[in-house]
Each structure stands twice: as structure tokens, then as C-alpha cells.
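One structure below.
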């Protein structure tokens, strides 16, 4: 008898992430992930993409490396392909050459000085056409693989509209809602948006913002924030109303605190966190480019404060509930390159899944 392991949504992400990590340590993997997210953030901001395009690109990057090893791909190529696919999903389309031109300005600042373009980007027409075409082909190749990982589904639900609605529903101040929005932006640097539905991510952003705004603040800080933190930190009728659970919010809050702690520690090691170092011309997973931009919410708290909040949250957290499994066996089996009965291949890299024929009593 063969026993198949049943997977929850979070367990799938954790298992696949560990599997594709390869020989990289957890710290090295996180460094590459944050470098890629910072690269997408900076590139998207320079081009002028809306937040939904940038956040979706970060999600696509995370999703890609749940199925494909990090060692096999340069994170710059995957980031550019993710941003290109995201522009299609949100109708903010830019051509690959335009994205490459802006990326060259970020990766190779010395080329900007030689360029006479008024927008401060690299003129790709002045570069070696073979180099530009090779880079463009790599982006298009990764794009095909990215489309497979999303099953060619171009729909995307974002947590940002829920942040505004939940802020109004809980009577949060404008400042608190703004902080929740920023934390929701930062959570796209992690696997949280792949593990939880958008409304739970938004609710966790509001909960995390309330914790940060009320913990160890003079006179209790924002009274509304304290009330929201108290309410969302306990079981109550809000769980059924918003289809969420307190243990989910706590799990996301811990992930957000870990990200903020990492950002706060990075700032202490870098005297100018918003001024990138000169990047290497040949980045690798083990020596990636330094993060261009830290998480947007790291400038208000130091490491000690965040650690004390994390310890206090651990002391009162609720036990994780039993979750409904989503599937069985190895979720990445179809991407390991082995011959599988249900797997068909076309010319190139695109794979197609063929379902087995239905029997007479199946619907």
C-alpha cells in the first residue's frame, strides 16, 4: 500500500520552496528573494507601473521558484519575465526591450552616464544588438515557463482594496490604514500572498499595523489601534463575518515581523540603505545584487522593539487549527523533467496536462 501525503496550501509552498532551494542555505535563499523583490520594486517604480502590477510581479517570481530551481535561473531574468507577464495581466503592457532598457540603468549605472537619453535610461540601440537580443530571448523563454506555473490564468485578486474597506469597517484612522497598506505591500516580498487569500492578507496587514501602532507606545498609542489589536487577537464573531481565523493573522504577523527585523538589521549594516552599491555584472544566487530598496515599513522601528513585540505575540498566540488538505503526492512532480503518463509536450517548453477519461459513473 502506498501512502500519499496530504498537503495544505501553506505546506505546499514550504515544501516546494525547500525543494527548489537546492544547496543554498535559508539565509542565501532569502537574500536572493529580497534582492529580486527589490529589483522588481525599483524597476516598476521607475517605469511608473501601478502597485498592482509590481505586487503581481513579485507573486509571480515567488510562484516560479516553487517549481523551478533557483540555481538554474538568474534572478534578474526571472524578475524581468515576471514583470512582463504582470503587465499583460493588468493591461499596463511594456515591450521587453523597454523593460531591458530600464533594467540596464539599474544594473549598470555607468551606462547611464554614457547615454544621452533625457529620461535617464540606457539607449539599447547604442548597445551590442547581439547582447540585447540574447537578453530579450532569455526573458521570453522564462515567460513561457511562468505562464505554465499560473496555468495560463491571467486573473489576479489583490489585497489592497480590502485594506481600505476593512479600515473603514473597523474605524481605523487614516494613518493606521496607511500603515496597513504599506505592510500589505511588504508582504509581497514573502510567500504570504501565495499561502492565504487576499482578504486574509489585508486583515493581517491591519492587525500587524495595529500591533505596531499600540505596542510600547506612550499612553497606549493610538486607542483605535489598541482596540483593533485586542479584537483581532482573540476569537470572536469577526472570524465568521470575515471568513478568517485568528491563528492565520498571527502566522502572517510573525512573517511580517521577521521581514521588518531583517530590514532593520540590514539598515544598521548599511550606512545608506537607499543608495545601492555598484552591482556585479555577473550576479549569481550566492552573490546577488544588494537590495536596492528596503521594505517600505522598516524605518519606524528598531530591531529590539520588533523582537520584543514578536516575543509578546508568541506568549499569547493561539494553537494552529487542523487545516483541510488540498491534494496529495509531490505537487511539483510534473516539473521534474521525468516522463509522466499525464504529461504531454509541444515543441519548446510548454507542457500540457491531459486528464484521464471519465468512467460512466463519474461526473
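The values are calculated or read from the model by the stated rules, or taken from the named source; none is laboratory data. Predicted model, so just to flag it, every value in this text is computed and none were measured. Heads up, the Cβs are rebuilt from the backbone with ideal geometry, glycines too, and the neighbour counts pull from every protein chain shown.
Considering only segment 143-165, how many residues are at pLDDT 90 or above and closer than 23 Å to residue 51 by Cβ?
Number of matching residues: 11.
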Tally of residues being free of Cβ contacts under 8 Å to residues at least 60 places away in the same chain and farther than 11 Å from residue 166 by Cα across segment 202-218
7
Looking only at segment 304-321, count every residue that is surrounded by 12 or more Cβ atoms within 10 Å (Cβ to Cβ), modelled with pLDDT under 85 and in a helix (DSSP H, G or I) and tell me the total.
0
Within the group 135, 125, 77, which residue is farther than 24 Å from residue 195 by Cβ, loosely packed, with under 15 Cβ neighbours inside 10 Å and either out of contact with any strand residue (DSSP E or B) (no Cβ under 7 Å at 6 or more places or on another chain) or in contact (Cβ under 8 Å) with a residue 24 or more places away in the chain (or both)?
125
Which condition breaks for residue 232 when tested against (1) at pLDDT 90 or above; (2) more than 25 Å from residue 264 (Cβ to Cβ); (3) over 21 Å from the mean Cα position of the chain (by Cα)?
(2)
Would you confirm, using the coordinates I've provided, whether residue 60 is closer than 23 Å to residue 161 by Cα and modelled with pLDDT of 90 or more?
yes
Failed condition for residue 186, given (1) under 24 Å from residue 75 (Cα atoms); (2) not in a helix (DSSP H, G or I):
(2)
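Hey, among 71, 19, 23, which residue is more than 17 Å from residue 142 (Cα to Cα), in contact (Cβ under 8 Å) with a residue 60 or more places away in the chain and out of contact with any strand residue (DSSP E or B) (no Cβ under 7 Å at 6 or more places or on another chain)?
When all the criteria are applied, what remains is 19.
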Under 9 Å between Cβ atoms, which residue pairs at least 6 apart in sequence (or on different chains) link something in segment 151-172 that is at positive phi with a partner that is modelled with pLDDT of 85 or more?
171/224; 171/227; 171/228
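Checking the conditions here, which among 93, 100 is in a helix (DSSP H, G or I) and modelled with pLDDT of 80 or more?
Just one listed residue meets the conditions, 100.
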Filter result for residue 61 (over 19 Å from residue 189 (Cβ atoms) and assigned to a helix (DSSP H, G or I))
no
Scan segment 189-207 for residues that are within 11 Å of residue 256 (Cβ to Cβ) and in a helix (DSSP H, G or I) and jot them down.
189, 192, 201, 204, 205, 207
